[in-house]
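Inspection log for the structure reproduced underneath, given as structure tokens.
The values are calculated or read from the model by the stated rules, or taken from the named source; none is laboratory data. Small disclaimer: the values here were computed from a predicted structure and weren't measured. For neighbour counting, all protein chains shown are included, and Cβ atoms are generated from backbone atoms with ideal geometry for every residue, glycine included. Heads up: the accessible areas ignore ligands, DNA and RNA and are worked out on the full protein's heavy atoms, side chains in. Shrake-Rupley method; radii C 1.70, N 1.55, O 1.52, S 1.80 Å.
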Amino acid sequence: MSTTKSEHGLSKKGLSAGSVGLIGAIVIGISCIAPAYTMTAALGPTVSEVGLQVPAIILVGFIPMLLVAFGYRELNRSMPDSGTSFTWATRAFGPWIGWMAGWGLIAATILVLSNLAGIAVDFFYLMLAQIFNNPDIADLALNPVINVLTCLAFMLGATAISYRDMQTTQKVQYVLVGFQLIVLVLFGVVAFVHVANGSAFDATPVSLEWFNPFAVESFSSFAAGLSLSIFIFWGWDVTLTMNEETKGSRSTPGRAATLTVFIIVVLYLLIATASISFAGIGTGEFGLGNEDIQGNVFFALAGPVLGPLAILVSIAVLSSSAASLQSTFVSPARTLLAMGHYGALPEKFSRVSPRFLTPGYATIVSAVVASAFYAIMRFISEDVLWDTITALGMMICFYYGITAFAAVWYFRTQFFNSFRNFVFQLLFPLVGGIILAVLFFTTIIDSMDPDYGSGSNIAGVGLVFILGMVVIVSGIVIMIIQAIRRPAFFRGETLTVGRSDGTEDEELDELPV
């Protein structure tokens, strides 16, 4: 493994350099976002919050994601390192904030891994129920033992693929992502055809007013809708964590991130407008205001929209969750690798598979923790499980926000060197970071309400707030333990604080292609 270090501590980790191209990075980025899964789960709740203004909320949620993506791009251009948020925040703010930024990413992705595995189980049995025309098969997912065993099987398969080289990951993702994108576009186009033909359930003409965020009735509804919108975009930063394995490590990951966000917003706008135009937002059988279908919109609308091809939607959502389950391993594994490499975690996390040149140990640890978390929570309480997933919105805003502010602070000496620097290194990441910070604190305050999330509470305090604080405080406790055991990193000896003046622009040589 190459461990040649620069003056400031940045160094390569021994990963397979040059194994991912621009298209491959975009595909993996789309896969991690899981558009089919996120839209079927988020469209209904977003309609319940903002009604016809779903397209407007999608666009508003897109803005901070794009602004933060530009900040990520600038940091990656200067410091291409697989630790991304952890490494960049450490370089900008020091080891303590950097460690917590890494913790935020790891906690969010591991929580999502368990959720994705659970969703894959649900849609696996739904698909079998449709294939064999036997609704009872879908109920197998309700059996905790069968559910957990199937979940572990999905997790094992995803881990095996992730452990192998990035070429294997890309080949799997091309198939799964390609299929779900084709089905989603087909769904949207056919829905509009039904509207044009007068055969839609509740035909609602598309209006420019749908794209007006100021038409949302209240700020609380706007904030709730925006939080959901932020969640459905989350995952694009996986393109950056692959930077040491990407052809053109300084430029390609940032370009892939921005293109991924643009592709996703176009896709979401198509699906949202098509679904609302076809079904309306009423409470009728297929109306998006019907609480009975809001948790899984595509499953309800697949039949009315696609008829005999409805099963394609179930397969698409299954492939979406399965694909994302596999690609989501990329981020926590490479962040853990970097944290081990720089001495912020035990050295064994820095182990790279000599055969596949992937972070083998970190991948296995991520899988074991996510699997154990899901299995324990599934048997204890589904409310606790899903409230924990709701709490991850805090972690997304937390580490994205820190990274955005890290870009601003790191580049502070060159803001006014050019108009480009002013826009991409100050204005965009600063605005994006402020939006995410406001959302972070708004969510903390709102989640204290005992009715927030599942409605579970302890001593009158919302369970989502308690779980979010448990995740953050756990990170602080583990960080303190690591600081006692591994003081070198926390003294700034392995990764130093710096800024982007002339002596620091070339910390890490371009990785070989």
Beyond 22 Å between alpha-carbons counts as too far, so tell me which of K12/K247; K12/K171; K13/K171; K247/K348 fall in that bin. K12/K171; K13/K171; K247/K348
Amide H partners (placed H, <5 Å) of G462, local residues excluded: D449
To the nearest 10 degrees, how steeply does helix 219-233 sit against the main Cα axis of the chain, on a 0 to 90 scale? 70 degrees
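Taking only C-alpha pairs under 8 Å that are 6+ residues apart, what is the relative contact order of the chain in percent?
32 percent
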Which net charge results for the neighbourhood of T241, defined as the other residues with beta-carbon distances under 12 angstrom from its beta-carbon, given Lys and Arg at +1 and Asp and Glu at -1? -2
With a 1.4 angstrom probe the carbon and sulfur portion of accessible area for the chain, in percent, totals 67 percent
Relative contact order as a percentage, the range 166-295, C-alpha pairs under 8 Å and 6+ apart, gives 34 percent
Crossing angle, helix 35-50 versus the chain [Cα axis fit, 0-90 degrees, rounded to tens]: 70 degrees
Give the accessible surface of the range 157-236 per residue, rounded to a whole number of Å², with probe radius 1.4 Å and ligands, DNA and RNA excluded. 48 Å²
Using Cα pairs under 8 angstrom and six or more residues apart, how large is the relative contact order of the range 311-359, in percent? 22 percent
Using helices alone, what [θ] at 222 nm do you get for the chain, with -39,500 (n - 2.57) per DSSP H run of 4 or more residues, divided over all residues and rounded to the nearest 500? -22000 deg cm²/dmol
Relative to the chain, whose Cα atoms define the longest principal axis, helix 428-447 and its Cα axis are tilted in degrees, nearest 10, by 60 degrees
Please work out the Cα center distance from the range 195-224 to the range 455-505, rounded to the nearest Å. 40 Å
Along the positive direction of the dipole of the chain (beta-carbon charges: Lys, Arg +1; Asp, Glu -1; about the Cα centre), which of V185, Y268, P64 reaches farthest? P64
Cα centroid of the range 317-374 to Cα centroid of the range 60-79, whole Å: 23 Å
